[in-house]
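Below is one structure, written out as structure tokens; the observations come after it.
The values are calculated or read from the model by the stated rules, or taken from the named source; none is laboratory data. Keep in mind it's a predicted model, so treat the numbers as computed, not measured. Please note: Cβ atoms are built from the backbone with ideal geometry, for glycine as well, and neighbour counts cover all protein chains shown. All accessible areas refer to the heavy atoms of the entire protein, side chains included, with ligands and DNA or RNA removed. Shrake-Rupley method; radii C 1.70, N 1.55, O 1.52, S 1.80 Å.
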Amino acid sequence: MKFKLIDILLYVLLFVFVAAFPIDRIPVDLIYKETILIGLRILLIGFYIYIIVKNKMKIFGVANLKMLLFCIPFFLACFSNMIAANIDGAAVPSNMPGDLLATSIILSLLIAISEEIVFRLFIQNSLTKCGSFKRILGSAGIFAAMHLINLTNVSNVDALVTVLVQVVYDFGLGLLLGFMYEYGHSISSCMILHFSFNLCNEVLVKYYGFTSSQLCFYLTAVVIAIILILYAGSIYLFYIKKMDRYFRQ
């Protein structure tokens, strides 16, 4: 299903509005802030579901199970921060209460669902004039660029560097998700990977108080990225490329 450019812009603007909502300016406890964000994400997803149903989009098509099995090693990326913490750090007592952990997990799930609908189901599907590789690059690039909205919270150089590194990190995640969606044909699998990434690399790291040097976090992420790039490249060369050549013949 290909959407018009004006439709895509509308869906993305709604997404940006929710993602950049100035929740920190509301003088309430963090648990209530996250509850408000959960409500906004539910409304956003509800609107997206309405669009999906209205346009009769097929989101429960037959998945490429063989390709999804190939994608299992990509889940290694979900544990990069935990791996870094165990290499160069330790767990320290966390002050995050259980109810805040619950809302954080729910919010991470809703973020994964809404972002996969926008960037894979809407945007990647709409890049019909591009080849598979360009569709993956395009959706990953837009996905990463959307995270530049975090620059609105930058107050010093260290925060700026953190946001820019996050954008690069998210581009890599976008490539993984785009690859899984393009060849696995399963949006639900992308949502699971995305949720697992958010849960393990952010929510649980904060809850269990994992700490490590920034350098170790970055180096671990780079090493894992290289491993997954080589792995994805081997899948393309020895499976996907041969499969495409077979169908062309």
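Here is how the numbers come out for the structure above:
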| quantity | calculated |
| --- | --- |
| Total residues in the range 180-190, condition in a helix (DSSP H, G or I) and open to solvent by less than 20 Å² (accessible area, probe 1.4 Å) | 4 |
| 3 or more residues free of Cβ contacts under 8 Å to residues at least 24 places away in the same chain: qualifying helices (runs of 4 or more DSSP H) within the range 43-147 | 65-70, 132-146 |
| Qualifying residue in the range 37-46 (condition: under 22 Å from Thr128 (Cα atoms), at pLDDT 90 or above and either open to solvent by less than 40 Å² (accessible area, probe 1.4 Å) or out of contact with any strand residue (DSSP E or B) (no Cβ under 8 Å at 6 or more places or on another chain) (or both)) | no |
| Out of Val161, Val167, Val203, sole residue that is out of contact with any Phe, Trp or Tyr (no Cβ under 8 Å at 6 or more places or on another chain), among the aliphatic types (A, V, I, L, M) and open to solvent by 60 Å² or more (accessible area, probe 1.4 Å) | Val161 |
| Unmet criterion (only one of (1) open to solvent by 30 Å² or more (accessible area, probe 1.4 Å); (2) farther than 27 Å from Leu69 by Cβ; (3) within 15 Å of the chain's Cα centre (by Cα); (4) not small (Gly, Ala, Ser)) for Leu137 | (2) |
| Matching residues, the range 163-178, being in contact (Cβ under 8 Å) with a residue 12 or more places away in the chain and either farther than 18 Å from Ile117 by Cβ or of a type in the set (S, T, N, Q) (or both) | Val163, Val165, Gln166, Val167, Val168, Tyr169, Phe171, Gly172, Leu175 |
| Any chance Thr128 is hydroxyl-bearing (Ser, Thr, Tyr) and open to solvent by 30 Å² or more (accessible area, probe 1.4 Å) | yes |
| Identity of the residue in the range 141-198, hydroxyl-bearing (Ser, Thr, Tyr) and under 28 Å from Met67 (Cα atoms), that ends up farthest from the chain's Cα centre (by Cα) | Tyr183 |
| Selected residue (only one of Leu151, Leu215, Leu228, Leu237 is of a type outside the set (Ser, Thr, Tyr) and surrounded by 13 or more Cβ atoms within 10 Å (Cβ to Cβ)) | Leu228 |
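Matching residues to (1) open to solvent by less than 50 Å² (accessible area, probe 1.4 Å); (2) in contact with a Cys (Cβ under 8 Å, 6 or more places away or on another chain); (3) among the basic types (Lys, Arg):
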site	(1), (2), (3)
Lys2	no, no, yes
Ala20	no, no, no
Ile23	yes, no, no
Glu34	yes, no, no
Leu65	no, no, no
Phe70	no, no, no
Phe74	yes, no, no
